[in-house]
Each structure stands twice: as structure tokens, then as C-alpha cells.
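A short write-up of the structure that comes next.
Read the figures in this text as sums done on the coordinates, not as results from a lab. Remember, it's a predicted structure, so these values are computed and weren't measured experimentally. Heads up, the Cβs are rebuilt from the backbone with ideal geometry, glycines too, and the neighbour counts pull from every protein chain shown.
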Amino acid sequence: MNEGRAIYTQTVNLPDGEIIVQGPLPSDFLKTLELDPGLRAFRPPFRQKEALIGISALDNGRIVGAYREHTLFGYVTFHPPDDFERWAQGPEQTIELGAIEIAPAVRRYGVARRLLEVAFMDPVMEKFLVVATEYYWHWDLEQSGLQVWEYREVMRKLMAHAGMVVKDTDEEEISSHPANMLMVRYGNLIPKEAILAFEKILFHKPDSNRG
């Protein structure tokens, strides 16, 4: 549960006022927020709100949000990997950066970058091995006006700002398209044996091209 955790805060200045970036947000607080209608990349906003509340209630679930008054304009989620994912075979310290979404109305103001900064302000994150799976079919190419490889570079730079690096893997969905990528951040408190255990699961096929 998020209740009882330290909460970290920054702000983003927009032309029409300030947005608070804060987390990890408790479930009870998330229940008081309404999602901006533009937050619909993964599911309708009311269903996404339910998903965020559910994630925040997990032992290792964390939501960092960008909000003003009672409206959520962006978020980043962290949660344990799903059982069917390869990353669930990794060390117990593994968590997944599951989604990062920003409402179109507040894009281009650095909200996504600030969300990640706040997420990793928490010293607890140094105990985790964080994985992020970037699939081009999740990217908002239409509204951004970017081509696939341009968007990929935007995401790579954004995640690199939080200390994440691209890792080669033969995992099926990642390797299904060259623009997809796996990014990983090893917390400073992760033991070496956990890192080695994770790197063993990056490749399942002995003849994989590891670049």
C-alpha cells in the first residue's frame, strides 16, 4: 500500500498556471481525481482511473501523477511484471515502468520528464531493477506528428534522463519490430548477483544476435 510512504513533489509552470507533480500517490487520493479526457491511450479515462487505483494498492505498485485541483493530466506507473512476461522470471527486485501518459493539452512543457524525476527522487527506487518495454504501437504518432524513429528517439532520451539504458534482448514482442526497445535501470543498491540473474533472461535463444 502507498499509505505511509514518503511523498515527493515538484511543479511544472504552464502558461495558464502551475501543475503539481507528486508521488507515489495513495489510492485514496487517486480516487478524488478525474482523468483529463485526453488520457485515453490505453483505455477510456474512467477505466484507466480504476487501473491506476489498483496499481497504487499493490505492495510494489507506485503511481506518480501530474495534477491541478481535481484533474490528473499525466502519470507514470510502476508495478511488478505480469506473470506471463519474461521479466517475471528475473530477480525479486524487478519492477516494471508500465506506462507513462501525458494529456495532449499539457504536452511539450516537460511534464513527462518531471514525472520521472519525481519517481526517482525516492531513495527506495535504488533497491529496484526497473524495466520499461517500449512498443511503437503504443506511441501517439498521430497527435505528435512524429515518425516512428523520431518518436523512438524522444522516448529513449526521456528514459535516459532517469538513468535507463537500452538493452538487447530476444524477447518476442521487443524483437518483433526494430523500433521497439527494452530499457533498464539498475538501482544503486541492487546486488551484483541480481543484475547477473536478470541479464541471463535477456536471451533465451543460444543463437540470438546480441549486437
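Brief remarks on what is shown
- Lys/Arg +1, Asp/Glu -1 at C-beta; the chain dipole; positive extreme among H138, M159, I53: M159
- Of all lysines in the structure, the ones whose alpha carbon falls short of 16 Å from that of K200, not counting any fewer than 8 places away in one chain, are K167, K192.
- Between the amide H of Y8 and those of G23, distances stay under 5 Å, these residues lying 5 or more places away or on another chain, with hydrogens modeled in the peptide plane.
- Across all directions, the average flat footprint of the convex hull enclosing the Cα atoms of region 1-105 is 7.0 nm².
- Theoretical gain in end-to-end length, E173 to R108 [0.36 nm per residue, Cα-Cα removed]: 20.5 nm
- Here the chain is assigned +1 on the Cβ of each Lys and Arg and -1 on the Cβ of each Asp and Glu. Its dipole about the Cα centre then comes out at about 380 debye.
- The base-10 log of I(q)/I(0) for the chain, evaluated at q = 0.10 Å⁻¹, reads -0.43 [Debye formula, identical scatterers on Cα atoms, solvent excluded].
- For a straight C-alpha distance cut-off of 29 angstrom, the lysines reachable from K49 (same-chain residues fewer than eight places away being disregarded) are K31, K127, K157.
- What the Cα atoms of region 95-196 give is an Rg and a Dmax of 14.3, 44 Å.
- Residue-wise HN-Hα couplings along region 146-153, as the Karplus relation 6.51 cos²θ - 1.76 cosθ + 1.60 with θ = phi - 60° gives them from phi, are 8, 7, 3, 6, 5, 5, 4, 5 Hz; Gly and Pro carry x.
- Using θ = phi - 60° and Karplus 6.51 cos²θ - 1.76 cosθ + 1.60, couplings along region 67-83 (whole Hz; Gly, Pro as x): 9, 9, 6, 10, 10, 8, 9, x, 7, 9, 10, 10, 7, x, x, 5, 4
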